[in-house]
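The values are calculated or read from the model by the stated rules, or taken from the named source; none is laboratory data. The structure displayed is predicted, hence computed values, not measured ones. Quick reminder, even Gly has a Cβ in these numbers, built from the backbone with ideal geometry, and neighbours come from all protein chains shown.
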Amino acid sequence: MTNSFMSNRRDALKGLLAISAAGALAACKASGEAGDASKPKVLSGGPKLTTAEMALVAALAQTIIPKTETAGAVEAGVPAVIQTLFTEWGDDNYRNYWRAGLNGLEQHFLQAGGQNFAKMVPSQQANLLGKYDAKAYAEAGFDDFYKNMKSTIATAYYMSEPGATEELAYEPVPGEFKGCVPLSDQPKTWAT
């Protein structure tokens, strides 16, 4: 059990590092480049996810975190973050892992739904992905890529501005500042 916990913790830390790296890369802009700094930009001509792969990523992200009264994953820029991770952060092994994983998902959905996942209606996407998700988490080792991808989507979403400020409770400065307060007004301090 300890090895499993440590492995999951390492994977979570790697995911957070990857998302942080993508955010840092998105903030880097060439001098004089105009544009919105909140949207990640692909800074080099490195390998990119194809249009079909990006359509699948966007459809999966939007199905996992749909738009409600708050922005969904697509509106929060999650597919662009994944593209930046793929292009700027990942090595060839990472890129091969993502390509193979996305291809495996697409083949499954083609077989199960008869068409590309991105072309399905949202209710069909939700139904098929719900079944796949339940199986992935019920059967150990069924599809580790899917679980990693879902974690990356969630992490990228909650690190985005809409995810952090609209979906989650956000308080830039917790509590109010009281500069000079009589000591008698303060409760006892904690022993531990």
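In table form, for the structure just shown:
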{"read-out": "Criterion (of a type in the set (Gly, Ala, Ser) and at pLDDT 90 or above) met by exactly one of 140, 169, 136", "value": "136"}
{"read-out": "Cβ pairs under 9 Å, 6+ apart, first in segment 86-108 and touching a residue at least 24 places away in the same chain (Cβ under 8 Å) and part of a helix (DSSP H, G or I), second exposed (fewer than 11 other Cβ atoms within 10 Å of the Cβ) and small (Gly, Ala, Ser)", "value": "87/44; 87/45; 88/44"}
{"read-out": "Residue among 122, 162 that alone is surrounded by 15 or more Cβ atoms within 10 Å (Cβ to Cβ) and at negative phi", "value": "162"}
{"read-out": "Residue 112 vs. criteria in contact with a helix residue (DSSP H, G or I) (Cβ under 7 Å, 6 or more places away or on another chain), modelled with pLDDT of 90 or more and part of a helix (DSSP H, G or I)", "value": "yes"}
{"read-out": "Per-region count, segment 125-170, residues in contact (Cβ under 8 Å) with a residue 24 or more places away in the chain, under 18 Å from residue 82 (Cβ atoms) and within 18 Å of the chain's Cα centre (by Cα)", "value": "19"}
{"read-out": "Positions within segment 103-131 being within 19 Å of residue 51 (Cα to Cα) and among the basic types (Lys, Arg), in sequence order", "value": "119"}
{"read-out": "Test: residue in segment 154-170 that is closer than 26 Å to residue 48 by Cα, outside any loop (DSSP other than H, G, I, E, B) and among the polar types (S, T, N, Q)", "value": "yes"}
